[in-house]
Amino acid sequence: MRYKSTRGESPDVTFSEVLLGGLAPDGGLYMPEAFPQFSIKEIQSWSDLSFHQLACKILYPFVKEEIDEKVFLGLLQDAYSSFDDEDVVKLKKLQDNRWVLELFHGPTLAFKDVAMQLLGVLLNHFAKERGQKIVVLGATSGDTGAAAISACSRHENVEVYILYPHGKVTDFQRKQMTTTQSNNVYPMAIESDFDGCQDMVKKMFLDETFKNEKVRFIAANSINWARCMTQSVYFFWSYLQMVELKEELMFSIPSGNFGHAYAGWTAKQMGLPIKKLLIATNKNDVLHQTFSTNNYSKTGVVQTLAPSMDISVASNFERLLYNLYDDNSSLLAQNMRSFPKKSIDIPQEKRGLVASFFESFRSDDEEILREIKETFDKHNYLLDPHTATGVRASNGVANMDEPVITMGTAHPAKFTEAIEQALPSYTSSIPKKVEKAFEQEEVFTVLPDDYLEIKQFILSKAL
């Protein structure tokens, strides 16, 4: 399996180069030359596999040229040993035809652990193989940073630098990044918003100064293909729990950067019979506007109760556009060069396909709080504000006789401010596994919204 840039102006590379590369040199995102194809019969034959065994079946075609299958299975087993639930993810029924897939049983209580824990062991594997130090660079609006830090901090050949918007993540999310006491972790509070942090990281990967023979700088964000492919696994896992539904299953996905949603699209391309993806947004509704108007354009960002979705540019949407352009990288590159000054239309001939598979739904803060309260009152089940947008979308878009699984993206304890607004009499508690960590001193660096100063800080530590 080789990988190519969505913009077509960079050489094709191997999986390890994708894992260790971040953005392609031409500014595009790496994509596999083809998706593995699985028949329904083959998928159904995996019903008795453990999660890490299932992941090996689905993901091994993406890595087989560089990793032995038994070694890869061992890496997967290591990656998921830190999860509380033996199945890694857990399906919770709310009512007839409505479920929440709990993806927050990993060490940082967020769905991103599922991909990031594997990313960490893969980085360690290739670092040892190559004799290089690996430096992970990432921007986060909340959960990605904590997941990257947790996944990489135990590996001595890996350092982690995470940029997050100063004062715009929850106390819980910040403490998960700043209390590790690990000397290979550098949380950086940037006086900007998430998009500003994301832009800084993208710029670093195009900056020649960050190219070094002994140190390899790589991306932790969802632009890394390894994350997209890994997140596709639990779509298959869900189907295998509900195989009797055949081709009727829909997923509702709280969406910001579109990586999670693109993982669902990836699963569909590999042969999984998904009927539809519901794209749930908060007030920052760039994706809702895209699917409602067939036009993708940058929007402003406002701070909301669902901060991981406070995004104005959905970076992974470029991957979907690439597929919608029939992998025409020249056309995509032309459009991306003028974006965001000029918006991008979904191709006329693909609008029917997009409308049949994607549907979107927007929730503001008041509606999020209402959904948290109503779900708790009706089902005695507590939603975090991101998952609340997904549950609300499932009820707002699908009929009640249509089965929908909402992706439960984070443990509600991470968002106590929102929970206590929705349920004033509810007493929030911190899970025991993170309570002790929060007693540690916070260590982080506040930096201005200045690329040169941020760059100098990172290079002074990493090189």
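The values are calculated or read from the model by the stated rules, or taken from the named source; none is laboratory data. Computed from a predicted model, the values in this text were never measured in an experiment. Cβ coordinates were reconstructed from backbone atoms using ideal geometry, including for glycine residues, and neighbour counts include every protein chain displayed.
Quick check on region 29-57: of everything there that is part of a helix (DSSP H, G or I) and closer than 18 Å to MET242 by Cα, which residue is nearest to the chain's Cα centre (by Cα)? Restricting to residues being part of a helix (DSSP H, G or I) and closer than 18 Å to MET242 by Cα, the top hit is ALA55.
Taking the conditions exactly as written (without any contact (Cβ under 8 Å) to a residue 60 or more places away in the chain and surrounded by 24 or more Cβ atoms within 10 Å (Cβ to Cβ)), does GLY131 satisfy them or not? Outline the logic, then answer.
Details: without any contact (Cβ under 8 Å) to a residue 60 or more places away in the chain: yes; surrounded by 24 or more Cβ atoms within 10 Å (Cβ to Cβ): no.
When the stated conditions are applied, GLY131 does not pass them.
Quick grid of which residues meet (1) on the phi > 0 side of the Ramachandran plot; (2) modelled with pLDDT of 95 or more; (3) part of a strand (DSSP E or B):
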| position | (1), (2), (3) |
| --- | --- |
| THR387 | no, yes, no |
| ASP401 | no, no, no |
| GLU417 | no, no, no |
| LYS433 | no, no, no |
| VAL446 | no, yes, yes |
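Looking across SER141, SER182, SER192, SER150, one residue alone is within 17 Å of the chain's Cα centre (by Cα) and assigned to a loop (DSSP other than H, G, I, E, B). It is SER141.
A quick yes/no check of all residues on (1) among the hydrophobic types (A, V, I, L, M, F, W, C); (2) in a helix (DSSP H, G or I); (3) at pLDDT 95 or above:
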residue	(1), (2), (3)
ILE223	yes, no, no
THR230	no, yes, yes
GLU247	no, no, no
ILE253	yes, no, yes
THR299	no, no, no
SER308	no, yes, no
ASN323	no, yes, yes
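Per the listing LYS268, LYS214, the residue uniquely surrounded by fewer than 24 Cβ atoms within 10 Å (Cβ to Cβ) and farther than 19 Å from LEU19 by Cα is LYS268.
Considered as a group, the residues in region 156-171 that are among the hydrophobic types (A, V, I, L, M, F, W, C) and in a strand (DSSP E or B) include one that is surrounded by the fewest Cβ atoms within 10 Å (Cβ to Cβ), and that residue is VAL158. Filtering region 90-114 to residues that are in contact (Cβ under 8 Å) with a residue 60 or more places away in the chain, assigned to a loop (DSSP other than H, G, I, E, B) and crowded, with 23+ Cβ neighbours inside 10 Å leaves LEU103, PHE104, THR108, LEU109, PHE111.
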